[in-house]
1. For segment 643-665, which positions are out of contact with any Ser or Thr (no Cβ under 7 Å at 6 or more places or on another chain) and over 30 Å from GLN475 (Cα atoms)?
2. Please work out which one of (1) within 13 Å of the ligand (Cβ to nearest atom); (2) open to solvent by 40 Å² or more (accessible area, probe 1.4 Å) is the condition PHE287 fails and give its number.
3. Please go through segment 250-283 and pick out each residue that is away from the ligand (no atom under 12 Å from the Cβ), open to solvent by 10 Å² or more (accessible area, probe 1.4 Å) and of a type outside the set (A, V, I, L, M, F, W, C).
4. Among the residues in segment 623-634, are any touching a Pro at 6+ places or on another chain (Cβ under 8 Å), open to solvent by 40 Å² or more (accessible area, probe 1.4 Å) and modelled with pLDDT of 95 or more?
5. Looking at this structure, is SER446 of a type in the set (Gly, Ala, Ser), open to solvent by 50 Å² or more (accessible area, probe 1.4 Å) and either over 20 Å from the mean Cα position of the chain (by Cα) or within 13 Å of the ligand (Cβ to nearest atom) (or both)?
6. Examine segment 309-327 for a residue that is modelled with pLDDT of 95 or more, touching a Lys or Arg at 6+ places or on another chain (Cβ under 9 Å), assigned to a helix (DSSP H, G or I) and open to solvent by 10 Å² or more (accessible area, probe 1.4 Å), and state whether such a residue exists.
7. Which of the residues belonging to segment 88-102 are surrounded by fewer than 16 Cβ atoms within 10 Å (Cβ to Cβ), on the phi < 0 side of the Ramachandran plot and either modelled with pLDDT of 55 or more or part of a strand (DSSP E or B) (or both)?
8. How do the pairs read when you match residues in segment 545-559 that are touching a residue at least 60 places away in the same chain (Cβ under 8 Å) with residues anywhere that are part of a helix (DSSP H, G or I), using Cβ under 6 Å and keeping only pairs 6 or more apart or on different chains?
Amino acid sequence: MKPILTACLALLLLSGCSPKVLTAQSTADGTRTLNLDASTSVATIQPTMYGLFFEDINFAADGGLYAELVKNRSFEFTLPKTGWLEPGTDKFSLNESSGKSDVIKIGEDRANSNYLRVTVMGPDYVLINEGFRGMGVKEGDRYDLTLAAAVGEGNISRIQVQLIDPDGAALGEATIDLNGSDWKNYAATLTAERTLDKAQLKLTFTGTGTVDLDMISLFPQDTWKGRKKGLRKDLVQLLDDMNPGFLRFPGGCIVEGRTLAQRYQWKKTVGPIAEREYLINRWNTEFDHRPAPDYYQSFGLGFFEYFQLSEDMGAEPLPILSCGMACQFNTGELVPMDELDPYVQDALDLIEFANGDVTTAWGKVRRDMGHPEPFNLKYIGVGNEQWGPEYIERYKVFNEAITAQYPDIVIVSGSGPFPDGEFFDYGMQQLTELGTELVDEHYYRSPEWFRENATRYDSYDRNGPKIFAGEYAAQSVAIASPENKNNWNCALSEAAYMTGMERNADVVVMTSYAPLMAHEEGWQWTPDMIWFNNLQSYGTANYYVQKLYATHAGTDLLRITEGGEPLTGQQAFYATAAKDATTNELYIKVANTGAEPQSLNIRIAGAEPSTTATVLTMASDDLEAVNSFAEPMKLSPIESSVNLQKNELRVEVPAHAFVVYTIQL
Ligand code: AHR
């Protein structure tokens with residue numbers, strides 16, 4: 001028998017106490033005794049447990065993660081000159097003495113049918129792109145400018161490209177020499193002489209006459225992994241730092257579209273970038289209080305890039321597809337059942353695109369994009385936030401077709417927009433009866449709801465579907481209220497709730513906070529996990545809670561109890577414990593949502609802990625506190641350590657705190 005165990009047994013016998021007395025909840029000084037059994041794995045914690053939900057909302061893709069600095073680079077917005085300025089050519093005063101531009105459309109059947117015809121009559125004519133609420137450029141960094149041009153009548157021979165500040169002063173420039181009347185691609189590199197968040201791109205022409213322009217693009221060279229025309233490095237870094245188990249994309253409601261025509265169609269987002277068809281972003285007009293008329297999807301960040309990003313981060317890709325139902329909060333447009341085939345085929349083709357041999361039609365597209373190896377897709381989602389019999393009957397068709405051809409692919413179904421009520425009950429019952437494998441649940445609820453529902457999954461049928469908590473976030477005011485804040489009250493309540501997810505890791509196998517990202521000026525929905533502007537980004541308190549869970553997930557759930565009961569909010573206290581079989585580390589996560597500190601004596605049985613625990617603490621007495629650009633780490637983990645006394649971890653958990661203890665076993 002191990003010496004420590006022998007000592008415990010001796011203590012037991014000497015004291016004449018029954019084991020029950022030893023596990024009593026608190027001592028006279030208020031110290032609570034928790035018992036942790038490290039010898040038995042209660043359940044496997046799936047590597048997918050903590051992941052990411054990405055949606056192009058709040059300018060998360062164009063203007064955000066996708067590092068393109070030019071807005072409306074190919075003049076495809078509904079108002080095709082959106083984002084482009086021609087100072088001095090106010091068409092209402094007919095002052096076009098120095099030049100003008102006209103959008104030319106070449107057929108409806110082309111993905112990218114517009115280009116710009118510039119007529120230059122004098123040296124003063126300039127064309128300016130305003131960027132996504134400006135362009136963020138950094139001193140000394142290099143920027144790749146590319147454009148397609150065809151010279152027309154006259155003698156235009158050169159374009160000067162400049163980064164300018166709001167006063168028009170240049171902070172970097174290059175020139176492009178044009179040659180020929182046929183369409184050609186041109187490139188130049190600019191170096192920024194200053195750091196500025198509101199730069200613009202200015203084009204000035206040498207000569208007079210006409211020149212046609214298209215795909216005017218500017219990217220930083222310093223992207224994630226240095227990829228040309230790639231992703232914004234600081235934003236991907238924040239995601240990668242979380243060690244996410246999966247990446248769900250492309251949403252969210254954006255999957256469904258306000259109408260079926262505006263649904264997300266993955267096939268239009270792969271292949272050469274210039275051929276990807278623009279689409280209005282459904283968040284463009286969703287909220288009257290946050291209109292975004294300049295919000296479109298260029299799909300430069302498309303399905304290939306999402307798969308690639310998943311691979312970069314070691315996250316399982318989880319694409320969600322339209323099931324033939326437009327957003328039921330909008331039009332609710334339905335594809336008739338006898339016209340569902342193309343939608344189902346999209347799902348089958350996507351699996352081929354991700355996993356198929358390069359000799360298959362879609363596997364070849366993947367190869368041609370530079371990725372002959374498969375992406376090893378394992379999951380596919382059918383529909384986002386659908387409800388009612390219309391969803392179930394469509395889901396059945398998808399389920400049958402996908403399972404017949406790809407029996408190993410796990411199909412994610414949806415239980416609608418709410419975690420309870422008529423839609424949820426109906427959907428869950430139907431999906432359970434169908435024997436569906438994995439059901440997506442969404443809940444945007446008050447912080448109180450999160451604190452009060454840590455036992456939500458305790459009563460779930462162990463033989464029923466597994467759960468993907470695919471979208472959740474505590475709302476400080478109300479769902480989608482523009483006043484919602486990423487405050488400590490919300491983040492701490494989520495931390496408390498998440499103990500319940502982890503404690504039910506046999507049922508809950510995937511979870512993700514939503515939405516993921518928001519541009520400081522361009523957002524529609526709050527709260528969001530990460531905020532950014534044109535130069536900076538920061539993780540919210542919610543981000544650090546998620547990160548602590550994801551980087552201390554463990555592989556095996558352990559039992560941690562007080563008086564034989566799990567800690568689910570008794571005296572505002574929550575706990576969960578896990579072991580990582582690969583590193584042999586023990587993780588104890590506790591949330592104290594109360595206003596008083598809690599003294600704990602955590603007794604670890606069934607393992608030999610090392611003498612020291614690493615402690616990561618997030619705590620604040622100010623429940624309204626938030627991180628910000630000025631104080632990005634205000635609410636973030638503070639590291640310390642504590643010595644164990646034999647097998648006991650004696651600690652005081654501060655008021656309003658989330659703490660993770662790591663102990664090497
Ligand atoms: O996360 C924002 C939105 O909330 C998602 O697009 C949608 O699925 C949910 O209603």
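The values are calculated or read from the model by the stated rules, or taken from the named source; none is laboratory data. Note that this is a predicted model, so its numbers are computed, not measured. Cβ atoms come from the backbone with ideal geometry, glycine included; neighbour counts cover every protein chain shown. All accessible areas refer to the heavy atoms of the entire protein, side chains included, with ligands and DNA or RNA removed. Shrake-Rupley method; radii C 1.70, N 1.55, O 1.52, S 1.80 Å.
1. If the condition is that a residue be out of contact with any Ser or Thr (no Cβ under 7 Å at 6 or more places or on another chain) and over 30 Å from GLN475 (Cα atoms), then GLN645, LYS646, ASN647, GLU648, LEU649, ARG650, VAL651, LEU665 are the ones that fit.
2. Answer for PHE287: the failing condition is (2).
3. Of everything in segment 250-283, those that are away from the ligand (no atom under 12 Å from the Cβ), open to solvent by 10 Å² or more (accessible area, probe 1.4 Å) and of a type outside the set (A, V, I, L, M, F, W, C) turn out to be THR259, GLN262, ARG263, GLN265, LYS267, LYS268, GLY271, PRO272, GLU275, GLU277, TYR278.
4. For segment 623-634, residues touching a Pro at 6+ places or on another chain (Cβ under 8 Å), open to solvent by 40 Å² or more (accessible area, probe 1.4 Å) and modelled with pLDDT of 95 or more: absent.
5. The answer is no for SER446.
6. Checking segment 309-327: at least one residue is modelled with pLDDT of 95 or more, touching a Lys or Arg at 6+ places or on another chain (Cβ under 9 Å), assigned to a helix (DSSP H, G or I) and open to solvent by 10 Å² or more (accessible area, probe 1.4 Å).
7. Passing the criteria: ASP90, SER97, ASP102.
8. So the pair list comes out as VAL545/ALA491; VAL545/GLU494; VAL545/ALA495; TYR549/MET498.
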